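**Student:** One structure follows; several queries about it will come next.
Bear in mind these aren't lab numbers, they're just calculated from the coordinates by the rules spelled out. Remember, it's a predicted structure, so these values are computed and weren't measured experimentally. Backbone-built Cβ (ideal geometry, glycine too); neighbour counts: all protein chains shown.
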Amino acid sequence: MSELKPMSDNAPDSPERRRFIGAATATAAGLTLVPGVMLIEVAHGRPEDQAASSAVRWGMLVDANQCATGCDDCVTACSTENGWTPVAESAHPTQAPQWIRKLELQDPLTQMETNLPMMCQHCADAPCVDVCPTGASFKRADGIVLVNRHTCIGCRYCMMACPYKARSLVHESLNDTQKPDVPRGIGCVESCTFCVQKIDRGDGTTACVEACTAAGHNALVFGDMNDPESEISKRLRELPTKQVRADLNLNLGVRYHGI
Amino acid sequence: MASITFREVDGSSPKYWMLFGFLGLFVLFGALAWNTMHHHGHVVTGMNNQIVWGLPHVFAVFLIVAASGALNLASIASVFNKPMYKPLAPLSAILSLALMLGGLLVLVLDLGRSDRLIVAMTHFNFMSMFTWNVFLYSGFFVLVGAYLWTMLDRSVKSYSKAAGTAAFIWRLTLTTGTGSLFGFLIARELYGTAMLAPMFIIMSFSYGLAIYLMVLTAAYAWTGRPLGDALMMRLKSLLAVFVAAVLYFVVVYHLTNLYFAKMESVEAFILRDGGIFTMLFWVGQIAIGSVLPLVILLTGLGRQRSWIMIACALIILGGIAQMYVTIIGAQAFPLDMFPGMLEKSSFFDGEVHHYSPSVPELFLGLGGVAIALLVTTFAVKVLRLLPASLDDATVAKLEH
């Protein structure tokens, strides 16, 4: 077999062998050190075999007063993190999925303008979860509302039921922008997941919040609303906030200040 | 009670096979439409993330509602013990099954993942009205099928009343479920009301009977069997009552909405400013679907069979217009997340949503209609569903 290298290459002093030993040493060193590093990560993240806990309720505070006009960094960050095509680049804008969008409000009487991001509100009593015939639309113990990509039949009943127009159907085959940890698929419904892949990795925040903070607007705060010491809980205690369509009494995971 | 002879339709004439072929062609078009939608995704439809249920749902819900109504005559015969209607019951049952089949096929073939139908049959969320409907539809086939069996097989004839009563209660529950698909939705102003369930029931009476009368008349005319006026006059009067009742429900529904300030803009949209929806409401649902048929059925015109047929056709067209306004009109009006504020976004918030049905959607819907009629056409050939004669003398004997 001509592909086989001559025996001399595997001699104790051959370059391949030296590289192999070098790599093996580095791997051994890594294996010794990584568990320590990993332990720090796991302290915040969640091992795959452990279920989400209802002791946590993930939530978001949107300070509409800080949300800048014309800025859509949160939308771009969401699109990049989760792999959906920005609507401006879509050939079918009315059919393109939008997990988060900037909403511009104006009071016709006073002319006052308000900016805010609108996305899945992660209701505690989610209408989309109630109406889903197969149970594909579900709420995780930690309050995140998700769609099971394997059991969604694309009936769109959840889209009829959502008071926030937060959900999109994937109308056409997806291109290669898909992310390995964000499963999507034609004919299925999807929406904001609170970047569940980041949360489960232990990032403790979402792409939109990171982008808003990086831009210096600080209009978004994410965290555990059940933890009285979390930043979001502290801010929610101080700021007057509202839930959109509070009349529906859905107990939302997203709270707005300045609306 | 006089006995009635039921006989299969011969079904060997070129005319029969032409009808069969014509309907089959539309079933084929429907299959091709589904294949296109399934292959390319809903991108080839006029539906989008604003109008999520489109023309296929209009056809599907119309057929499902009409299916329940097509059972009217069988119910009157067995539950309310009117022997005059007994000869009409077998066709009533088969038409009802056929319409249900057509409607359900359109509904499931319009799913984003119609290949996952098995998931819908194996995963249930009992909080969902859709899940309840899955059971209501399945039960409907079982009960109406059993009822039909009791009508066709003398050995189980004694169970006919029990089966008929069960089917009657079931179909009322089923249409309550269909109306509640919309009635249980809180997000949209025009839904979220208990009114929709009884309104759908009365609509089912009207649409189902109109379809039944057209099928009955066509079957008797095309096979040369006698169909007397005595029966037609009774049925057209019954139809007029149903149409008037639908109109009553529609008026009360909109009047109630108009009384609430929060509903004013959505009512203004449907009744005045909604363009195609306003036109379909006033011209389609009210004028063509209700007022004209009432005028025809309640005046001297209603004594002529051709005019009764025109009234039935108008009721069916009006019914489709009603479903279009109910299903698509309600979605076209933007969600009011921030009452009193003007909203703008890249996701078309705050603006009226546009919808243009595509060719595949239309043919998928028509395919459902075609399959319902095809099943009926085939059933009357292979089963003894139609009395050999329904002339006045035969019908008169039944009353005594």
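**Student:** What lysines does A:LYS139 reach when the alpha-carbon gap must be under 27 Å and sequence neighbours fewer than 8 apart in one chain are set aside?
**Tutor:** Excluding near neighbours in sequence, the set is A:LYS102, A:LYS165, A:LYS179, A:LYS198, A:LYS234, A:LYS242.
**Student:** Dipole of the stretch B:1-159, Cα-centred, from +1 at each Lys and Arg C-beta and -1 at each Asp and Glu C-beta, to the nearest 20 debye? Before the final figure, lay out the partial values.
**Tutor:** Working: 8 positive and 5 negative charges, 69 e Å.
About 340 debye.
**Student:** Here is a follow-up. Given the options B:VAL58, B:VAL359, B:VAL291, state which has the largest fluctuation in a GNM of chain B using a 10 Å cut-off (strictly under) for Cα springs.
**Tutor:** Of the options given, B:VAL359 has the highest mean-square fluctuation.
**Student:** Only sites in a loop by DSSP and with at most 14 other Cβ atoms within 10 Å count here; which chymotrypsin sites (Phe, Trp or Tyr not before Pro) in the stretch B:207-266 make the cut? Could the numbers behind the result be given before it?
**Tutor:** Details: sites: B:TYR207, B:TYR212, B:TYR220, B:TRP222, B:PHE242, B:TYR248, B:PHE249, B:TYR253, B:TYR259, B:PHE260; in loops: B:PHE260.
Answer in residue order: B:PHE260.
**Student:** Ok, one more. Work through the residues other than A:GLY216 whose Cβ is under 14 Å from its Cβ and net out their charges, Lys, Arg +1 and Asp, Glu -1. Don't skip to the answer; put the middle values down first.
**Tutor:** Working: positive: none; negative: A:ASP63, A:ASP73, A:GLU210.
Result for the local shell: -3.
**Student:** With the dipole of the protein assembly as shown worked out from charges on the C-beta (+1 for Lys and Arg, -1 for Asp and Glu) around the Cα centre, which of B:ALA268, B:HIS123, B:ILE371 lies farthest toward the positive end?
**Tutor:** B:ILE371
**Student:** Using +1 at the Cβ of each Lys and Arg and -1 at the Cβ of each Asp and Glu in the stretch B:218-359, identify which of B:THR326, B:GLN285, B:ALA311 lies farthest towards the dipole's positive end.
**Tutor:** B:ALA311
**Student:** Grab the other residues whose beta carbon is less than 11 angstrom from that of A:LYS139, score K and R as +1, D and E as -1, and report the net.
**Tutor:** On the way: positive: A:ARG57, A:ARG140; negative: A:ASP125, A:ASP130, A:ASP142.
It works out to a net charge of -1.
**Student:** Lysines within cross-link reach of B:LYS381: Cα-Cα under 16 Å, excluding same-chain residues under 8 positions apart?
**Tutor:** Hits, sequence-local ones excluded: B:LYS15.
**Student:** Here's another thing I want to ask about it. Could you rank the peptides A:102-108, A:129-135 by their average count of other C-beta atoms within 10 Å per residue, with the highest value first? Write down the numbers at each step before the final one.
**Tutor:** Numbers: A:102-108: 18.0, A:129-135: 23.0.
Descending mean neighbour count gives A:129-135, A:102-108.
**Student:** In whole Hz, with x marking every Gly and Pro, tabulate ³J(HN,Hα) for the stretch B:252-259 from phi via Karplus 6.51 cos²θ - 1.76 cosθ + 1.60, θ = phi - 60°.
**Tutor:** 4, 4, 6, 4, 4, 4, 4, 6
**Student:** Oh, and also: Over the whole of A:160-173, what's the average partner chain Cβ count within 10 Å per residue? Rounded to a whole number, please.
**Tutor:** For peptide A:160-173, the averaged partner shielding equals 6.
**Student:** Comparing B:LEU280, B:LEU238, B:LEU190, which has the greatest mean-square fluctuation in the GNM of chain B with Cα pairs linked when under 10 Å apart?
**Tutor:** B:LEU238
**Student:** If you don't mind, there's one more thing I want to ask. Add +1 for every Lys or Arg and -1 for every Asp or Glu among the other residues with Cβ under 12 Å from the Cβ of A:ASN226, and state the total. Write out the running numbers ahead of the final one.
**Tutor:** Details: positive: A:ARG57; negative: A:ASP142, A:ASP224, A:ASP227, A:GLU229.
After counting each charged neighbour, the total is -3.
**Student:** What does the average come to when, for each residue of peptide B:124-136, you count the partner chain Cβ atoms lying within 10 Å of its Cβ? Write out the running numbers ahead of the final one.
**Tutor:** On the way: counts 3, 11, 2, 7, 12, 5, 7, 5, 1, 1, 2, 0, 0.
Partner Cβ neighbours, averaged per residue: 4.
**Student:** Would you kindly state how much longer the chain becomes between B:LEU152 and B:VAL352 on full extension, computed as 0.36 nm times their sequence separation minus their alpha carbon distance, in nm to one decimal? Working shown, then result.
**Tutor:** Numbers: separation 200, 0.36 × 200 = 72.00 nm, distance 5.24 nm.
Length gained between B:LEU152 and B:VAL352: 66.8 nm.
**Student:** Report P(r) for the stretch B:282-359: all Cα-Cα distances, bin width 10 Å, range 0 to the bin holding the largest distance, values in whole percent.
**Tutor:** 18, 31, 21, 17, 10, 3
**Student:** Can you compute the charge dipole magnitude of the protein assembly as shown about its Cα centre, using +1 on each Lys and Arg Cβ and -1 on each Asp and Glu Cβ, nothing else charged? Give it in debye, rounded to the nearest 20.
**Tutor:** Details: 46 positive and 49 negative charges, 563 e Å.
Computed charge dipole of the protein assembly as shown: roughly 2700 debye.
**Student:** Need one number: % antiparallel among DSSP beta bridges in the stretch A:58-257, to the nearest 5.
**Tutor:** Values: 19 of 23 bridges.
In the stretch A:58-257, DSSP labels about 85 percent of beta bridges as antiparallel.
**Student:** Give me the dipole magnitude in Debye, nearest 20, for chain B about the Cα centre, with unit charges on the beta carbon: positive for Lys and Arg, negative for Asp and Glu. Don't jump to the answer; show the numbers that get you there.
**Tutor:** Values: 22 positive and 18 negative charges, 275 e Å.
Dipole size: approximately 1320 debye.
**Student:** Which length gain, in nm to one decimal place, applies between B:MET127 and B:ARG234 when the Cα-Cα distance is subtracted from 0.36 nm times their residue separation? Intermediate results must be reported in sequence, preceding the final value.
**Tutor:** Working: separation 107, 0.36 × 107 = 38.52 nm, distance 4.24 nm.
Gain on stretching B:MET127 to B:ARG234: 34.3 nm.
**Student:** Continuing with this model, one more query. Using the Kirkwood radius built from alpha carbon pairs, what does the Stokes-Einstein equation give as D for the stretch B:33-82 at 37 °C and 0.692 mPa s, in µm² per second?
**Tutor:** On the way: Rh = 13.5 Å.
For these conditions, the coefficient is 243 µm²/s.
**Student:** Something else: Within the stretch B:114-139, whose backbone N sits under 17 Å from a point 7 Å along Cα→Cβ of B:ALA31?
**Tutor:** B:115
**Student:** Now for a different question. Mind pulling up the Rg/Rh value for the stretch A:124-259? Radius of gyration and Kirkwood radius, both on Cα. If you can, show how the numbers build up before the last one.
**Tutor:** Values: Rg = 16.0 Å, Rh = 16.4 Å.
Taking Rh as the inverse mean 1/r over Cα pairs, Rg/Rh reads 0.97.
**Student:** Go from 0 up to the bin containing the longest alpha carbon distance in chain B, width 10 Å each, and give me the % of pairs per bin.
**Tutor:** The calculated distribution, bin by bin, is 5, 22, 32, 25, 12, 4, 1, 0.
**Student:** Once phi is turned into ³J(HN,Hα) by the Karplus curve 6.51 cos²θ - 1.76 cosθ + 1.60 with θ = phi - 60°, what whole-Hz value does each residue of the stretch A:64-76 show in order, with x for glycine and proline?
**Tutor:** 5, 5, 8, 6, 7, 5, x, 8, 10, 4, 5, 5, 4
**Student:** Amide H to amide H, which residues 5 or more places from A:HIS257 or on other chains are under 5 Å from it, using H placed in the peptide plane?
**Tutor:** Counting only residues 5 or more places away or on other chains, the set is A:VAL62, A:ASP63, A:ALA64, A:LYS242.
**Student:** Whole percent per 20 Å bin, from 0 to the bin with the longest distance: what is P(r) over all C-alpha pairs of the protein assembly as shown?
**Tutor:** With a bin width of 20 Å, the distribution comes to 17, 43, 26, 12, 3, 0.
**Student:** For a footprinting-style exposure proxy, rank B:PHE140, B:PHE200 by other Cβ within 10 Å, fewest first.
**Tutor:** Values: B:PHE140 25, B:PHE200 28.
Going from least to most buried by this count: B:PHE140, B:PHE200.
**Student:** Output the Cα-based Rg and Dmax of the stretch A:38-195 in Å, rounding Rg to one decimal and Dmax to a whole number.
**Tutor:** Computed over the Cα atoms of the stretch A:38-195, radius of gyration and Dmax are 16.9, 56 Å.
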